Amino acid sequence: MGYQFIIYAIILVIIFIVFPPIIRKQTYKKCMEDLENQDFEKFEKDIDSLASKMSFSAFSRECLRLSEYEAMGNLKKADEQVQFMENMRLNKKQKAILGERGFYVYLSSGKIKKARRMLEMVKEFGTPQQVEPLELSYSILLKKESKHINTCKERYSKLWDGKSPMDSATAMRAGTMEYFLGLQYSYDKDVKNTKHYMNLAKEHLAGTPYIEDINRVLASI
């Protein structure tokens with residue numbers, strides 16, 4: 001009887017330790033496939049399923065729901081979701097994550113004051129590594145400042161030598177720096193450098209949301 005109890009106890013431990021990560025992985029994969037396929041009705045069912053509630057914290061589920069609204073391009077719903085999540089009981093790490101997510105929501109919609117509030121949240125609860133890219137984006141994209149040209153050039157030179165092949169992830173990072181440089185030169189009315197960096201960004205960021213704005217800048221010069 002004693003050995004049977006030990007065996008049952010071991011089985012229960014295995015169930016509670018091994019299966020939740022497997023269920024979590026499968027549920028997350030389903031949700032990501034739903035978003036990729038733009039099947040938002042199925043996403044809602046999966047994110048509200050028992051498996052999802054057992055696998056993820058309430059904060060993680062609401063982060064996924066925020067991803068749904070961003071995938072839909074519904075910035076109004078995304079704004080409402082960020083505000084809803086601000087009223088949740090969050091620890092410092094979660095507040096920093098929400099600040100990052102909210103910052104990019106408001107960056108997309110050009111809401112400077114709200115983006116700034118999210119940035120301040122990350123400054124208060126996050127790390128310098130989380131804050132720095134947000135400050136750079138805020139300055140260049142929302143405040144339209146051109147004081148980061150040297151910083152962007154330095155980072156860009158570490159990503160690409162101008163001729164070597166790049167994998168897709170590196171091309172994305174290099175393209176982002178090219179876009180940032182092109183924007184700053186456009187603010188300074190430097191047509192030559194604007195064209196140079198924006199044309200490079202157009203190649204490296206093909207198929208991304210950046211392209212629309214890159215074409216807008218190139219058409220305006």
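The values are calculated or read from the model by the stated rules, or taken from the named source; none is laboratory data. What you are looking at is a predicted structure, and each value in this text was computed from that prediction instead of being measured. Neighbour counts run over all protein chains shown; Cβ positions are idealised from the backbone, glycine included.
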Check: Among the residues of the stretch 72-87, is any crowded, with 19+ Cβ neighbours inside 10 Å, outside any helix (DSSP H, G or I) and not polar (S, T, N, Q)?
Finding: no
Check: Given (1) within 22 Å of residue 110 (Cβ to Cβ); (2) outside the structural domain of residue 82 (by TED's automatic domain parsing); (3) part of a helix (DSSP H, G or I), where does residue 169 come up short, assuming only one miss?
Finding: (1)
Next item on the list: From the list 206, 201, 169, pick out the single residue that is under 23 Å from residue 73 (Cβ atoms) and modelled with pLDDT under 95.
Entry: 206
Check: Looking only at residues in the stretch 128-166 that are among the hydroxyl-bearing types (Ser, Thr, Tyr) and within 30 Å of residue 74 (Cβ to Cβ), which one is nearest to the chain's Cα centre (by Cα)?
Finding: 137
Item checked: Matching residues, the stretch 35-61, being free of Cβ contacts under 8 Å to residues at least 24 places away in the same chain, surrounded by 14 or more Cβ atoms within 10 Å (Cβ to Cβ) and outside any helix (DSSP H, G or I) -> 49
